[in-house]
Amino acid sequence: MKRTLKFLLSAVFAVALMAGMTSALACTGYYVGKDVSVNGTYMIGHTADYITTAQSIVTVVEASDEPGRTITVGDTEVPLPDVTYQYTATPFMDSLDWVNTATNEYGVTVTGSITTYACDAVMEADPYTTDGAAESWICAYLAATCTTAREAVEGYGYIMETYGSSETNTFFISDQTGVWYLESYSGHQWVAIKCPDDCVAVFGNECMLGSLAGYVEGETLLHSDDYYTLVEDLGLAVYDDEGNLDSFASYCGDDVLGDYSNLRTWYGHFLLAPSTAGEYETKTRYDLFFEPDELVSLEDIFSLTRSRYEGTEYCPDETGESVRIIGIERQTNCSVIETYPDLPAAMCVVTWNTMANAEHSVYLPLSNLVTDVAEMFDYLPDDYVEPSYRLDIAFTHFKQLCTLAEQDRVMYGAGVRAYWESVEAELVAEVPALLEELAALYEEDPDAAAEAATAYCIELQEQALEDADTMFEELMWYAISNTNSMAFSEPEPFVTSLMTED
């Protein structure tokens, strides 16, 4: 079904913000420039890490030309323009209802956020505001109101100047001309830079920008008015040898570097540029942008989001030690968003999204051209109050399979993951050709193209839901059948019947 902007951004957010907004805390962000991606696309995204019981939906929010609308943010009414745009979104469906990824009909995508931390002195000088920018609503707000990525960055700046921020985060904001990376540091300070097309980025919950010398003020660099002067006035400003402000050292400091976040940042280098990664060191500041050893595919980023540090000495499956991995079980959903520079803007973005944690779930494509999604993917029960075991929503079906598979990753989980990866391989191979066909149809009849894109995505969603149920039932029976016999024999790892069907 189509939802209204008021539905997503009013009542639920009023409840959330009055309750004292808590951010998702622990996401991992990633970026791939179009010059180093297999498909020649921009790729952005993050793992939406929250709590294991948080549930999510996929929805389409309709455009509107109704004047006088506002969104409720705590005790504040934030006005909306007379015209807002259609967008797809992947919100959490609990009482906080975060819209963590949104893509509109102009090909503008806002994804976030990755929670970060500034030093105490900065926060004391410029504390959070009560009803300011927060990941719960800012992605949807910008997608609904902006037609370019730069406009969205400037829109974020306007919100920060007018209302301040209730959190510190990093975001990616993209369109067909490129991607902006944005860091916020305190109640009103932020900076955004244009990402290089020939590099990639992977990072945990830490700010990443150092010197901004390579960016052009007003063109590839935008920031709050007091971005430089705040830390200078506080005596916190740190400069490099050329006299350029070091953003990280000035706003954050080395004290925030720790294994919880920095190990994920290093692993991004290890996975995508192993020839240059080197040995991990807790207090090393790894570059935000770096060149990969090879062109990066969608499957590479899918694997990144599922990573348990395989191939390193930090893999918990090898060491038996607890460590913060990227593919953590409390991912509520994960997204990898592709933007095609040469397609019509209304169909230039494909959001590859999981309905549960990525390790044993499946990435399904969602075009920004769609007008609807499968019913159970967008079902929000009238009596929904908090997360619970409900089989009337799609999320639960995928999450229960993940949970069972992760009880034994070798005997249970490997077969589930193998099947989903085979599905993804087929989809990754067929989607570019499908987009070319849709683009040709779009030139003749945009409505027919939207109808075709919608039917395709709904069919995939419904088939994946059926497959998840099949595997859950088969895996449960496999577990039942082997409960006693495991002590006397060596059963073969689980393989779903879906792998052997024609």
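The values are calculated or read from the model by the stated rules, or taken from the named source; none is laboratory data. Source: prediction; values computed, not measured. Cβ placement follows ideal geometry from the backbone for every residue including glycine, while neighbour counts extend to all protein chains displayed. Accessible surface is based on the protein model in full, side chains and every heavy atom, while ligands, DNA and RNA are left aside. Shrake-Rupley method; radii C 1.70, N 1.55, O 1.52, S 1.80 Å.
Taking first residues from the stretch 128-143 that are more than 16 Å from Ile114 (Cα to Cα) and partners that are surrounded by fewer than 24 Cβ atoms within 10 Å (Cβ to Cβ) and among the β-branched types (Val, Ile, Thr), the Cβ contacts under 7 Å between residues at least 6 apart in sequence or on separate chains come to Asp131/Thr76; Tyr141/Ile71. Regarding Ala16, is this residue over 14 Å from the mean Cα position of the chain (by Cα) and modelled with pLDDT under 95? Taking the combined requirement at face value, the residue satisfies it. Checked against the criterion of being crowded, with 17+ Cβ neighbours inside 10 Å, under 25 Å from Pro127 (Cβ atoms) and of a type outside the set (Lys, Arg), the candidates Gly253, Gly268, Gly235 yield just one match: Gly253. Filtering Ala425, Ala433, Ala440, Ala464 for residues that are open to solvent by 30 Å² or more (accessible area, probe 1.4 Å) and touching a residue at least 40 places away in the same chain (Cβ under 8 Å) leaves a single hit, Ala425.
The residue list Asp447, Asp383 contains one member that is of a type in the set (Asp, Glu) and either open to solvent by less than 60 Å² (accessible area, probe 1.4 Å) or not in a helix (DSSP H, G or I) (or both), which is Asp383. None of Val191, Val179, Val202 is of a type in the set (A, V, I, L, M), touching a Cys at 6+ places or on another chain (Cβ under 9 Å) and at pLDDT 95 or above except Val179. The requirement of being in contact (Cβ under 8 Å) with a residue 24 or more places away in the chain, crowded, with 23+ Cβ neighbours inside 10 Å and assigned to a loop (DSSP other than H, G, I, E, B) is satisfied by Gly107. Taken together, Arg330, Arg409, Arg390 contain a single residue that is under 18 Å from the mean Cα position of the chain (by Cα) and open to solvent by 20 Å² or more (accessible area, probe 1.4 Å), which is Arg330.
Take Ser275 and decide whether it is polar (S, T, N, Q), more than 25 Å from the chain's Cα centre (by Cα) and open to solvent by less than 10 Å² (accessible area, probe 1.4 Å). Criteria not met by Ser275. Among the residues making up the stretch 30-78, a single one is at pLDDT below 95, under 24 Å from Glu206 (Cα atoms) and among the polar types (S, T, N, Q): Thr52.
Look at (1) modelled with pLDDT of 95 or more; (2) within 16 Å of the chain's Cα centre (by Cα); (3) not small (Gly, Ala, Ser) and you find that Glu135 fails only one, number (1).
Meeting the requirement of 1 or more residues that are without any contact (Cβ under 8 Å) to a residue 24 or more places away in the chain, the helices (runs of 4 or more DSSP H) wholly within the stretch 230-334 are 247-251, 259-272, 274-277, 316-319. Scanning the stretch 79-95 for residues that are modelled with pLDDT under 95, out of contact with any helix residue (DSSP H, G or I) (no Cβ under 8 Å at 6 or more places or on another chain) and surrounded by fewer than 22 Cβ atoms within 10 Å (Cβ to Cβ) yields a single hit, Asp94.
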